[in-house]
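This report refers to the structure that appears directly beneath it.
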Amino acid sequence: MAPSEPNGVPRWRLIVVGGHTRSIGKTQLVCDVISAFRPANWIAGKITQYGHGVCAQNGENCDCAPDEHVCAINWEVQADTGTDSARFLAAGARRSFWLRTKQGFLAEGLPLLRAALQQAIEAGRAELPPVIVESNSLLQFLKPSLYFAIVDPAKEDFKDSARAVLDRADALVLRGSANALITAGPSWTRLPAHLLREKPSVTQREGEPLPEPLHVLVQRTLEGPANVSI
């Protein structure tokens, strides 16, 4: 039987990948982790919040909003559609989902996520597959097994949701050089200096393989206990 709390709620190994703004390679890092540990049979997913300019491309609505509800979840079934959830399948994930919620309504989306994960549990499986999710906001509701925060000092935009949880990162993944933190713009100067100085960090440019320090952290998570209730 899969590990569970006394009340029967499943416990998972959960890795969360976040970042301070869009277009800094969060999806790619999720793919890098999946690809580096393909035998783990990942369940991968992305959480998108829409509305108030939160999810838009070039000022235009990106059409991620469900038509009738404040939240919706879908399983990706093809690996070649070009969507982020399809990229997870192409990288080697066994299942891949996309959860969309209206800004501020992630709590209403969590029951959908729990139900979807419950459906993905294979009968008779002794160990639940690990879950990896691209999101910042999920950390408002739980403590993952591992949290990577991607930072790029060349991009001044800094989401409040990312700022609020940056101190919980197990490692910072730098898309630029570490020296760039010294000359970063105003959004960066509002961060506590000790946070960027003391957090473990590793530089990885997009297209490079998963750095060894991150590989070690993921390996430890996969070998460690499943302890996250979603």
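Remarks
- Applying the condition of being modelled with pLDDT of 80 or more and of a type in the set (Gly, Ala, Ser) to the range 155-201 and asking which residue is surrounded by the most Cβ atoms within 10 Å (Cβ to Cβ) yields Ala169.
- Given (1) touching a Phe, Trp or Tyr at 6+ places or on another chain (Cβ under 7 Å); (2) at pLDDT 95 or above; (3) of a type outside the set (A, V, I, L, M, F, W, C), index of the condition Asp32 fails: (1)
- Hey, Ile121 among the β-branched types (Val, Ile, Thr), surrounded by fewer than 20 Cβ atoms within 10 Å (Cβ to Cβ), modelled with pLDDT under 90 and over 24 Å from Asp32 (Cα atoms) or not: no
- Taken over the range 94-116, the residue count meeting the criterion of being touching a Gly at 6+ places or on another chain (Cβ under 9 Å), modelled with pLDDT of 95 or more and among the hydrophobic types (A, V, I, L, M, F, W, C) is 4.
- Taken together, the residues in the range 54-79 that are part of a loop (DSSP other than H, G, I, E, B), open to solvent by 60 Å² or more (accessible area, probe 1.4 Å) and at pLDDT below 90 amount to 6.
- Residues (under 9 Å from the mean Cα position of the chain (by Cα) and either within 15 Å of Thr48 (Cα to Cα) or open to solvent by 10 Å² or more (accessible area, probe 1.4 Å) (or both)) located in the range 138-154: Leu138
- Scope the range 80-114; condition open to solvent by 50 Å² or more (accessible area, probe 1.4 Å) and free of Cβ contacts under 8 Å to residues at least 12 places away in the same chain; matching residues: Asp80, Thr81, Gly82, Pro111
- Residue check, Phe37 of a type in the set (Phe, Trp, Tyr), modelled with pLDDT of 95 or more and out of contact with any strand residue (DSSP E or B) (no Cβ under 7 Å at 6 or more places or on another chain): yes
The values are calculated or read from the model by the stated rules, or taken from the named source; none is laboratory data. Just so you know, these numbers come straight off a predicted model, no measurement behind them. FYI the Cβ positions are ideal-geometry reconstructions off the backbone, even for glycines, and counts take in every protein chain you see. In case anyone asks, the SASA skips ligands and DNA or RNA and just uses the protein heavy atoms, side chains included. Shrake-Rupley method; radii C 1.70, N 1.55, O 1.52, S 1.80 Å.
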